[in-house]
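Right, one structure below, let's go through it.
The values are calculated or read from the model by the stated rules, or taken from the named source; none is laboratory data. Values in this document were obtained by computation on a predicted structure and should not be read as measured data. Here the Cβ positions follow ideal geometry from the backbone for every residue, glycine too, while neighbour counts run over all protein chains shown. Surface areas here come from the heavy atoms of the whole protein model, side chains and all, with no ligands, DNA or RNA. Shrake-Rupley method; radii C 1.70, N 1.55, O 1.52, S 1.80 Å.
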Amino acid sequence: MLDLTPDRLVYEGKAKQVYRADNADEIVIHYKDDATAFNGVKKAQIADKGVINCKLSAFFMERMGAAGVPTAFLRQIGPRDQLCRKVEIIPVELVVRNVVAGSLAKRLGQPEGAKLARPLLEHFYKSDELNDPQINEEGAVLMGYAKAWELAAMREYSLIVNEQLQAFWGGLGVDLVDFKLEFGRFHGQVVLADEITPDGSRLWERGTGRKLDKDVFRRDLGDLSDTYREVYRRVFGESLPG
Ligand SMILES: Nc1ncnc2c1ncn2[C@@H]1O[C@H](COP(=O)(O)OP(=O)(O)OP(=O)(O)O)[C@@H](O)[C@H]1O
Ligand SMILES: [Mg+2]
């Protein structure tokens, strides 16, 4: 049963809430309509974002599981709610890039849009206080954030996710520019956790370059709710009900 009473809330994030589940090995993740950018400096409510992202992430996580990537996702239990394995989040975020954009473009003073010859994997230390600074693998190991074998598993899984997502989006005429993944530890295993959504991805429509992701909000390019409805429609082949 879905019990989201306040005494069950264990964490309130920027985009999601985490609730205790009946089983101690599980949690309920509740997707909110809040959008934030620049580490929480810019905020807004985006109609139906939670419903859309919950369903999109469930859809992609299921596909990743089928492709051989262990995930924390168990099942969707409400319009905005997922039952997931409760993992210990590894504080190293993995960013996979196929095209130069965002912080990479800024950091290197390069224009956005150049295609990379092969996927570039970047690691960031997950710390809101520090604004998620970039870190290399050796640093992550020496600082005790992750074991070398965990990072190796994360990299391997990230490349599988990239292949799967690139093929999927390519089939819809959309280029997967980059995306961020989080992983966690579950009974000694590394599993893909958190979300796969347009909040943490860059998706550019092939031909037009139209952005179908959170950059629409970050850069004031239009209505994010309309954009995410469009993404929903393309992925599920029908409009979001209501
Ligand atoms: N399966 C899981 N088990 C435990 N924690 C999880 C799981 N999936 C995601 N999380 C964590 O739950 C939180 C989800 O909330 P949200 O994404 O809104 O956080 P956030 O504001 O982005 O903050 P953070 O910097 O912690 O990611 C994140 O801290 C995420 O790392
Ligand atoms: Mg998050």
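Under the simplified labelling scheme, the PHE236-ARG118 pair shows an inter-label distance of 3.8 nm, with each label point 7 Å from Cα along Cα→Cβ. Net length available on complete extension from ASN131 to MET143 is 2.6 nm, with 0.36 nm assigned per residue and the Cα-Cα distance removed.
Compute for the range 1-119: radius of gyration divided by Kirkwood radius, i.e. Rg/Rh, restricted to C-alpha atoms, rounded to two decimals. Walk me through the numbers on the way to the answer.
Values: Rg = 16.9 Å, Rh = 16.5 Å.
The Rg/Rh ratio comes out at 1.03.
In the calculated pair-distance distribution of the chain, the portion above 26 angstrom amounts to 37 percent of the Cα-Cα pairs. Taking 19 Å as the straight-line reach from the Cα of LYS115, the lysines in range (excluding those fewer than 8 positions away in the same chain) are LYS106, LYS180, LYS211.
Would you calculate, for the chain, the mean residue ellipticity at 222 nm contributed by helices, counting each DSSP H stretch of 4 or more residues as -39,500 (n - 2.57) and dividing by all residues, to the nearest 500? Write down the numbers at each step before the final one.
On the way: 6 runs with 72 residues, N = 242.
Rounded to the nearest 500, it is -9000 deg cm²/dmol.
Which of the GluC sites (Glu not before Pro) across the range 127-221 are loop residues per DSSP, with 15 or fewer other Cβ within 10 Å? Hits after loop and neighbour filter: GLU129.
Kindly list the residues of the range 77-114 that lie in the label zone of VAL41, defined by a backbone N under 14 Å from the point 7 Å along the Cα-to-C-beta vector. Residues 103 qualify, since their backbone N sits under 14 Å from the label point. For the options SER201, SER127, SER103, a Gaussian network treatment of the chain with springs between C-alpha atoms closer than 10 Å singles out SER103 as fluctuating the most. Over all directions, the projected convex hull of the C-alpha atoms in the range 55-156 averages 8.4 nm² in area.
Taking the solvent-accessible surface of protein heavy atoms with a 1.4 Å probe, what is the per residue accessible area of the chain in Å²?
Working: 11720 Å² over 242 residues.
Heavy-atom SASA per residue in the chain reads 48 Å².
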